[in-house]
Amino acid sequence: MKRLTGSGGTESVHGALSDPKADNGANSPTLTQEAYERLEEMIITLELAPGEAVSEAILSKRLGIGTTPIREALHRLARQYLVQIIPRRGVVITSVDVRLQFEVLEARRELDRLVSRGAAQRASPTERQVLAKLIVATEAAMQANDIKEFLRTDAELNEWLAKAARNSVASDISAMLHAVSRRFWFYHLSDDQQFTRTAMLHLAIVKAIASGDTAAAAAASDQLIDYLVEFANATLPGA
C-alpha cells in the first residue's frame, strides 16, 4: 500500500513557503538542518532500515554533505531516539519499539494539546495563511495517496505550529517525539483507510488552529492521539 512517490503535484508548495526556522528573512536552511531533514526522512520512511549500521563518511558521500553537518544532525537524531551513536564504532538506526511508542504518545497527548491550543490562540495572520496553504497540500497528498509527501507536509506543519504556539520548550520536546511517532506509524501502516483516517485527524487539528478555535484544536489533538493509541494497540501480538 505504501506509495512512496516523489513530491507529486505538491512539491511547489514547500518551495513557496518561508522557512519557519529562518532568521532575518533568510530562506535557505543551514547544511546541518538540511542533513537533519534528509536523514530524518530516510529513517522515517525506512530507506535507512532499523538495525542498519551507518557511518558519518557513508552518509556524507550519500547525501553530498560534509561530515560535520552530518555529525551534528546525527546527534540531534540520537536525542529523538532514531539513531544510537556508539563511540568509535559508528551509528545504528534504532529499532521500532511499540513500548516506546506508547510512552511517546502519553507525552504527546499533553504537549500536543498545549501546542495546538497555543497556536490557535497566538498564530499571526501570516502564519494562519501559511497553515491554510499547508492544509491544501495535505489534502492533495491524500488525494494522490502519496504518503511520503504527506509526511513531509506533516513535518512542515508541525514546525509552523510550534512557531505559532510561542512556547519553545513545549514545541522542542513535542518535535522530538513526533519523529518517533511518524516512523512507527509508517512502519506499521497497512492500508489506505489508515492513511486517510490519520490525515483527516491531522487536518482537523490544523483547520481548528487556522480558524483560531482553541477548544476545537485541543479536542482534535486528543482525537488524533486516541487514534494513534488504537493504531499502536493493533500492532501488539494477538491483537
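A short reminder: the numbers here are calculations on the coordinates, not readings from a lab. What you see is a predicted model, and the numbers here were worked out from it, not measured in a lab. Here Cβ is always computed from backbone atoms with ideal geometry, including for glycine, and neighbour counts include all displayed protein chains.
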request  = Specify the longest stretch of the chain that does not include any exposed loop site, a site being one of the trypsin sites (Lys or Arg not before Pro) with a non-H, G, I, E, B DSSP assignment and at most 10 other Cβ atoms within 10 Å.
outcome  = 90-239
task = Express the C-alpha Rg of segment 42-157 as a ratio against the empirical globular expectation 2.2 N^0.38 Å, rounded to two decimals.
result = 1.30
inquiry  = Taking only Cα atoms of segment 161-211, what ratio of Rg to Rh do you get with Rh as the Kirkwood inverse-distance radius?
reply    = 1.04
message = Just to be sure I understand: with springs between alpha-carbon atoms less than 10 Å apart, which residue in GLN223, GLN33, GLN143 has the highest mean-square fluctuation in the Gaussian network model of the chain?
response = GLN143
key: Relative contact order of the chain, defined on C-alpha pairs under 8 angstrom at six or more residues apart (%)   = 28
inquiry  = Counting only pairs 8 or more residues apart or on different chains, how many lysine pairs in the chain have their Cα atoms under 27 Å apart?
reply    = 15
query = So, counting K/R as plus one and D/E as minus one, what does the shell of residues with Cβ under 13 Å around ARG108 add up to?
reply = -3
request  = Considering only LEU131, LEU151, LEU100, give the residue with the highest GNM mean-square fluctuation for the chain, with springs between Cα atoms whenever their separation is below 10 Å.
outcome  = LEU100
inquiry  = Explain nothing, just the number: dipole magnitude of the chain about its Cα centre with +1 on each Lys and Arg Cβ and -1 on each Asp and Glu Cβ, in debye rounded to the nearest 20.
reply    = 380
note = Ranking GLY66, GLN143, ALA119 by how far each Cα lies towards the positive end of the charge dipole of the chain (+1 on Lys and Arg Cβ, -1 on Asp and Glu Cβ), the top one is GLY66
note = Out of THR196, THR32, THR126, a Gaussian network model of the chain with alpha-carbon springs under 10 Å gives the largest mean-square fluctuation to THR126
message = Quick check: the distance between the Cα centres of segment 189-238 and segment 37-79, to the nearest angstrom?
response = 28
inquiry  = What is the sum of charges, Lys and Arg at +1 and Asp and Glu at -1, for the other residues whose Cβ falls under 11 Å from the Cβ of ARG197?
reply    = -3
query = Points 7 angstrom from Cα along the Cβ direction at ARG62 and SER95: gap in nanometres?
reply = 2.1
key: Net lengthening on full extension, SER124/ARG197 (0.36 nm per residue, minus Cα-Cα)   = 23.4 nm
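Let me spell out the model: positive unit charges on the Cβ of Lys and Arg, negative unit charges on the Cβ of Asp and Glu, origin at the Cα centre of segment 98-233. What dipole size does that give, in debye rounded to 20?
Details: 16 positive and 18 negative charges, 73 e Å.
Roughly 360 debye for segment 98-233.
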